[in-house]
Amino acid sequence: MISFQKFIIPFIVLFCMNSNGHSQVVEKKPKDDYNIMVSQDGTGDYTSIQDAINHSPAFPYHRINIQVKNGIYKEKVKIPEWNPNISLIGESKENTIITFDDYFNKINLGRNSTFYTNTVLVEGDDFIAQNLTIKNTAGPVGQAVALAINANRVLISNCNILGNQDTLYVSGTDNKQYFNDCYIEGTVDFIFGKATVLFENCTLRSIKKSFVTAASTPEGVAYGFVFKNCKLTADKNATEVYLGRPWRIYAKTVFINCEMGKHINPEAWNNWSKPEAEKTSFYAEYNCTGEGFLPEKRVFWSHQLTKPEADQYSIENIMGLEFSKTIKELVSQKSMLKL
C-alpha cells in the first residue's frame, strides 16, 4: 500500500585518521533512512541516484522518499524487487534528467537484448516517480528503452520519457501502472508490453512514421492500455502513424476523449501480419477529436465504443479500488511530493 510519509534526515561526513596516519572519509549513517537527498554538487546524501537506492532499506516499513536535485545524471538506474515503496522525486521535470545510451546492438546479448537497454528499470512495487526526465540518448539505432517497469501499483507523474524505438516498456501479467501528465515520445512501438496501464492527460509524440503502441495483453486480462484525455502529436516528418499493433494476439488498447493529430493513419490499427489478431485483439476509441479521428475510415475489426461501454473504463475498474484511491490522493496532493 502506498503511503505519503515525510521524514527529515541529517547527514554528516566526518574526516578522521586511519591507523596509517592517512585521512579517510567516514560516512555517519543518517538518523532516518526514509528521506534521502541526491545532489551532484555534494550537498546531499549521495551524488548518484543508484547509490541512494543501493543504500535504502530492503522491504521498508515506510515509504522512502529520494529527492533528486537538478542535474544530468548519466547512469543506469535499477529499483530492485527488494526495494518497494520508493518515491523518486525530481526538483524539476525539465532539469532533473536521468540518461543513458544503451541499445540492442550495443548490448549484443542475442534476440532479447532489448530488455537490457533501459535507462531506468523498476522492479519494486509501489514505486512513484515525479518531476523527472528519463531518457535514452542512443538515437535511431533500433531498440533502446528509456523506462522499463515490471512492478505493480506504479505511479509516474509529470515526467518526460524520451527515446526512439521502444521508449517505454510496461510489463507484468497482473501489474497495474498509472501515468499522469507525462510527455512520452518515440518512433516504433514506443509504448509496449503486457501490463494494465492507464494514461491520463499525457502527450504522446511520434518522431517518425511508426506505431504508437504494441500491447501484448495476456489472454483473459480485462484491460490493456487505456488512454484518457491524452493528446497525440508528431514531428513534421511523422506521417501515417498507427495508434497500435498487436505485439501478441490478445492485445487491448483503447483511446477515450483523446485529441488526435492529422498524422494518425485513417485506418489507425495494424494487424502486424497476424490475421488471427483481428479476431482476438481489442482496439477501440470513444469520443475522440482532431483531424486524425476518422471513425468511419477505421479498420473493420476495430470498435467505436458506446457511452455505456466507455463508462466501464473508470479508474476504479482499470486500476482496482485500492490503487485508484492512492492515485486520486497523489493527483490531489502533488505538492506533498515536491522539493
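The values are calculated or read from the model by the stated rules, or taken from the named source; none is laboratory data. Bear in mind the structure is a predicted one, so any value in this text is a computation, not a measurement. We place every Cβ from the backbone using ideal geometry, glycine too, and count neighbours over all the protein chains shown. Protein only, heavy atoms only, side chains kept; ligands, DNA and RNA dropped before computing areas. Shrake-Rupley method; radii C 1.70, N 1.55, O 1.52, S 1.80 Å.
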- Flag for I156 being surrounded by 22 or more Cβ atoms within 10 Å (Cβ to Cβ), in a strand (DSSP E or B), among the β-branched types (V, I, T) and in contact with a helix residue (DSSP H, G or I) (Cβ under 7 Å, 6 or more places away or on another chain): no
- Go through the residues of segment 169-187 one by one and say whether even a single one is touching a helix residue (DSSP H, G or I) at 6+ places or on another chain (Cβ under 9 Å), open to solvent by 10 Å² or more (accessible area, probe 1.4 Å), within 22 Å of K106 (Cα to Cα) and touching a residue at least 12 places away in the same chain (Cβ under 8 Å). yes
- Query: What about A129, is it within 23 Å of M319 (Cβ to Cβ) and either of a type in the set (S, T, N, Q) or surrounded by 24 or more Cβ atoms within 10 Å (Cβ to Cβ) (or both)?
  - Reply: yes
- Note on the structure: Across (1) assigned to a loop (DSSP other than H, G, I, E, B); (2) touching a residue at least 24 places away in the same chain (Cβ under 8 Å), P275 clears everything bar (2)
- Inside segment 181-208, can you point out the residues that are of a type in the set (D, E, K, R), within 18 Å of A144 (Cβ to Cβ) and assigned to a loop (DSSP other than H, G, I, E, B)? D189, K208
- When every residue in segment 99-135 that is outside any helix (DSSP H, G or I) and small (G, A, S) is compared, the one nearest to P84 (Cα to Cα) is G124
- Mind checking which residues of segment 105-153 are touching a residue at least 60 places away in the same chain (Cβ under 8 Å) and in contact with a helix residue (DSSP H, G or I) (Cβ under 6 Å, 6 or more places away or on another chain)? Q130, R153
- Using the structure shown, decide if T280 is over 21 Å from T217 (Cα atoms) and in contact (Cβ under 8 Å) with a residue 12 or more places away in the chain. no
